[in-house]
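The values are calculated or read from the model by the stated rules, or taken from the named source; none is laboratory data. Here the structure is a predicted model, which is why all the values come from computation and not from measurement. Backbone-built Cβ (ideal geometry, glycine too); neighbour counts: all protein chains shown.
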Amino acid sequence: SSGINAEYGYNKDDIFKSRCKPLRAVMNLTTEIDRTEFNSTGELLAISSKELKHSLRLINLHSLQCMPNWPTANTPLAHVSAVNFSPSSGYLGIGTTKGKALLYRLTHYPSY
């Protein structure tokens, strides 16, 4: 399996067609994606794989681009086992297979 994540748009005229084409395919992870989580506004998608260390990406769904500046090489993600956004998307919580809970502030969102 692969770490390809394809985003699809919705067009009511295409709903009954047998083949839909993705708007964009994100190929930043090389292993199977086993976690996906949308933030409350639907602007961000977190994808992760617990197979390799540091395998977490945030995708901006307006631009369909991965966040280029995070995570960095110094972000202590290890193997990601859980990921979730706070109710107003001000925080991103990440659980690791080493039993650590990491909390990151997303300053784009003013509330928790």
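Key figures for this structure:
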item	result
Single condition residue 51 does not satisfy, out of (1) surrounded by 15 or more Cβ atoms within 10 Å (Cβ to Cβ); (2) at pLDDT 90 or above	(2)
Condition check for residue 99: within 21 Å of residue 28 (Cα to Cα), part of a loop (DSSP other than H, G, I, E, B) and not hydrophobic (A, V, I, L, M, F, W, C)	no
Lone qualifier among 40, 88, 63 - being surrounded by 14 or more Cβ atoms within 10 Å (Cβ to Cβ) and modelled with pLDDT of 85 or more	88
Options 56, 77: the member that is buried (at least 16 other Cβ atoms within 10 Å of the Cβ), closer than 13 Å to residue 102 by Cβ and over 11 Å from the mean Cα position of the chain (by Cα)	77
